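The next block holds one structure in the form of structure tokens; read it before the comments.
The values are calculated or read from the model by the stated rules, or taken from the named source; none is laboratory data. On a predicted model such as this, the values are computed, not experimentally measured, just so you know. Here the Cβ positions follow ideal geometry from the backbone for every residue, glycine too, while neighbour counts run over all protein chains shown. The protein model used for the area step is the full one, side chains on, heavy atoms only, and it has no ligands, DNA or RNA in it. Shrake-Rupley method; radii C 1.70, N 1.55, O 1.52, S 1.80 Å.
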Amino acid sequence: RPMGSLHSLTLCFGLWLLACSKPTSGFPVCLVTNPGFADCDPTANTSTYKGYDVDLVRWAAEEIGWKEMPGPPGPNDTHPLDSFYFVCGTRRVAATVDILISNNTFNVCGIGAGAFTISKARIDIGARFSYPYFRTGLGIMASGSQQVTYSPWAFLKPFHYSIWVAMLLTVLFVPGLVWLVENLVRNGSVPCGLNSLHEWRHASYTTILSVFNLDVLAVLSLPAQIIIITFLFLNLVMVSTYTANLAAALTNQAAQSGINSVSDLRARNVAAHALYVERLRKNDFISASPLTWNGSQTFLEVSDKLNKGQLDAYIFDKPILEWWMGYYDKDCSLKFVGDYIEPFDYGISFHKDMPQRMVDDFNKQVLVAQSSKVLSN
């Protein structure tokens, strides 16, 4: 019948398209290099690839019955879909996820592994993940040396320079004024000559000593006494203000030199991976600038800024930071603040076209690995 033949042709054509859209010679497992989770060298044999994620994929594949190939199949090679091979690339997690959620890219990445964070943002854009296999969180990396460096001119900080100028002029002006008033009131005139210059200099010296309670400025006229009392009261206010401001400035500098809790990060110069910036702002009230993670390059850049005081803290996946800290931070100049914040899970990521039965088989083995303590080993 014509209509039945048309349906048959349509069905055959659809099956042909489906077969062409899926590889029939195995799929690549794209590794994102994150030490401890995926350690690989693109120039080395895939048998040398190791890490938590690599071991998990191999173990689950063996249990399921997937076959690992030593490398990409040749143009004339045919392998079942349940065959896979590892690919060590230079892409980071975000770029790999973009491939996994794209059309017609199954032959580029069928699975992504290497510390893939399971997040709502990634699931919302179509990313598919296995059951979680590793629980961790964000580590706060800060400088471990909380040494406070003070400027030799720190004693000038409590007052603005204009106050210091005003005080200097006051100290120079008041003794002369006292000497002038005292002579006008007692003698009715101002003496001129070398003796008067000596008297004015002695009055200035005695006035300054009286400020520090080292001498008594003996004046007899009431106007001169009023000037002295006013001057000493002003001096008392200035000394008290100076002491309070200096103590506050030094205390504040010492308090800002170290970070000991999450609350210390607020209103500080903090950087974090772009994936976590909004989460930190909403949940922890931390305003962090985005700084994408590019492996050792980022770690060295961040650690240099932390040690130089150009950055207060960097927030990223704690196990990855721990590994790089152990590798590079030989002098223990860096530290972690607390354990970790904002807990999350790692999972293996699957391509959008990965058959659901294969995802289900893998998830089953993740559960088996958890119950049999394979993951902990």
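Remarks
- Looking only at region 80-113, residues that are out of contact with any strand residue (DSSP E or B) (no Cβ under 8 Å at 6 or more places or on another chain) and charged (D, E, K, R) come to 2 in all.
- Residue list for region 299-338, restricted to those being under 18 Å from residue 38 (Cα atoms) and either touching a residue at least 60 places away in the same chain (Cβ under 8 Å) or touching a helix residue (DSSP H, G or I) at 6+ places or on another chain (Cβ under 9 Å) (or both): 299, 316, 317, 318, 319, 320, 321, 322, 323, 324, 325, 327
- In region 67-89, residue nearest to residue 35 (Cα to Cα) [restricted to those that are in a loop (DSSP other than H, G, I, E, B) and free of Cβ contacts under 8 Å to residues at least 24 places away in the same chain]: 74
- Neighbours by Cβ (under 8 Å, 6+ apart or cross-chain): first from region 182-202, free of Cβ contacts under 8 Å to residues at least 24 places away in the same chain; second open to solvent by less than 90 Å² (accessible area, probe 1.4 Å) and in a loop (DSSP other than H, G, I, E, B): 183/189; 183/190; 183/191; 184/190; 196/190; 199/191
- In region 90-128, of all residues being part of a loop (DSSP other than H, G, I, E, B) and of a type in the set (A, V, I, L, M), the one that is nearest to residue 353 (Cα to Cα) corresponds to 101.
- All of (1) part of a helix (DSSP H, G or I); (2) over 14 Å from the mean Cα position of the chain (by Cα) hold for residue 298 with one exception: (2).
- Test result for residue 216, out of contact with any helix residue (DSSP H, G or I) (no Cβ under 6 Å at 6 or more places or on another chain), without any contact (Cβ under 8 Å) to a residue 60 or more places away in the chain, open to solvent by 60 Å² or more (accessible area, probe 1.4 Å) and closer than 17 Å to residue 170 by Cα: no
- Flag if residue 305 is out of contact with any Pro (no Cβ under 9 Å at 6 or more places or on another chain), of a type in the set (Lys, Arg) and closer than 16 Å to residue 260 by Cα: no
- Just one of (1) at pLDDT below 80; (2) under 14 Å from the mean Cα position of the chain (by Cα) fails for residue 251. It is (2).
- Where residue 343 falls short, out of the listed (1) surrounded by 14 or more Cβ atoms within 10 Å (Cβ to Cβ); (2) at pLDDT 90 or above; (3) within 20 Å of residue 130 (Cα to Cα); (4) over 14 Å from the mean Cα position of the chain (by Cα): (1)
- Residue in region 339-356 that is assigned to a helix (DSSP H, G or I), within 23 Å of residue 53 (Cβ to Cβ) and of a type outside the set (Ser, Thr, Tyr) present: yes
- Tally of residues being of a type in the set (A, V, I, L, M) and over 60 Å from the mean Cα position of the chain (by Cα) across region 176-216: 9
- Restricting attention to region 45-54, the residues that are open to solvent by less than 60 Å² (accessible area, probe 1.4 Å) and among the β-branched types (Val, Ile, Thr) total 2.
- Within region 156-214, being of a type in the set (Asp, Glu) and modelled with pLDDT of 80 or more holds for one residue alone: 182.
- Residue satisfying all of: in region 55-112; at pLDDT below 95, among the hydroxyl-bearing types (Ser, Thr, Tyr) and open to solvent by 30 Å² or more (accessible area, probe 1.4 Å); nearest to the chain's Cα centre (by Cα) among these: 90
- Subset tally (residues that are in a loop (DSSP other than H, G, I, E, B) and open to solvent by 10 Å² or more (accessible area, probe 1.4 Å)) for region 262-292: 9
- Any hit, region 339-354, residues being free of Cβ contacts under 8 Å to residues at least 40 places away in the same chain and more than 30 Å from residue 61 (Cβ to Cβ): no
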